[in-house]
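> If you scroll down you'll find the structure; I have some questions about it.
The numbers here are math on the coordinates, done by the rules we state, and not lab data. Everything quoted here is computed from the prediction, not taken from an experiment. Cβ atoms come from the backbone with ideal geometry, glycine included; neighbour counts cover every protein chain shown.
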Amino acid sequence: MFANVVFYLPANVVEIVAHELEHVLEQVDGVPLQRLARVRGSGVAQVGPEDYETERASDVGRRVSTELDAARRERTDARPAEPAMSLSAVP
Ligand SMILES: [Zn+2]
C-alpha cells in the first residue's frame with residue numbers, strides 16, 4: 001500500500017517559511033507584541049484579535065528570498081550555455 005501525496009507550494013514559499021520562522025524567533029525572544037502594537041513606529045501591528053504582524057518578520061522573509069534568488073542567478077550565470085537544439089534534430 002502506498003499513498004501518492006502531492007503538495008502544491010506557492011512560488012514564494014521560501015519567503016513565507018523564513019517569515020514564519022522569524023515569528024517563532026520573536027516568541028522565543030519574548031518580544032512583547034501586544035504592547036509594541038500600541039507603540040507608533042515599533043514595527044508591530046495588530047492584524048487580528050490575537051494576531052500580530054511585524055516588520056522584522058517581513059524584512060527577514062524578503063531578505064532570505066532575495067538572497068536565494070541571487071544565489072540561483074549566480075549558479076545559472078556560472079553554468080556554461082547549453083547548445084540550442086536545432087529543429088532539424090527533432091524527429
Ligand atoms: Zn507574519
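> Please compute the length gained on full extension between ALA3 and THR66, using 0.36 nm multiplied by the number of residues separating them and subtracting their Cα-Cα distance.
Between ALA3 and THR66, full extension yields 19.2 nm more.
> Tally Lys/Arg at +1 and Asp/Glu at -1 over every other residue whose Cβ is under 14 Å from the Cβ of LEU33; what's the total?
-4
> Using Cα pairs under 8 angstrom and six or more residues apart, how large is the relative contact order of the chain, in percent?
29 percent
> May I pose another question? Using a 10 Å cut-off around each Cβ, can you sort VAL39, VAL64, VAL44, VAL17 from fewest to most neighbouring Cβ atoms?
Result, fewest neighbours first: VAL39, VAL17, VAL64, VAL44.
> While we're on this one: Tell me, in nm to one decimal, what length is gained between LEU25 and ASP51 on full extension, where the rule is 0.36 nm per residue of separation less the Cα-Cα distance?
Length difference between fully extended and current span is 7.8 nm.
> As an exercise, identify the chymotrypsin sites (Phe, Trp or Tyr not before Pro) in segment 1-56 lying in DSSP coil whose Cβ has no more than 12 other Cβ atoms within 10 Å.
PHE2, PHE7, TYR8
> Mind checking segment 18-80 for trypsin sites (Lys or Arg not before Pro) that DSSP puts in a loop (not H, G, I, E or B) and that have at most 13 other Cβ atoms within 10 Å?
Counting only loop positions with at most 13 other Cβ atoms within 10 Å, the trypsin sites (Lys or Arg not before Pro) in segment 18-80 are ARG38, ARG40.
> Just from its helices, what would the mean residue ellipticity at 222 nm be for the chain, if runs of 4 or more DSSP H residues each count -39500 (n - 2.57) and the sum is divided by every residue, rounded to the nearest 500 deg cm²/dmol?
Roughly -16000 deg cm²/dmol at 222 nm, from the helical runs in the chain.
> Compute the helix-to-body angle for 55-78: its Cα long axis versus the longest principal axis of the chain, expressed 0 to 90° and rounded to tens.
So the inclination is approximately 20 degrees.
> Measuring from label point to label point, each 7 Å out along Cα→Cβ, what is the ARG40 to ARG79 span in nm?
5.1 nm
> So which GluC sites (Glu not before Pro) in segment 18-67 pass both tests, a DSSP loop state and at most 16 other Cβ atoms within 10 Å of the Cβ?
Here the sparse-neighbourhood loop sites are GLU50.
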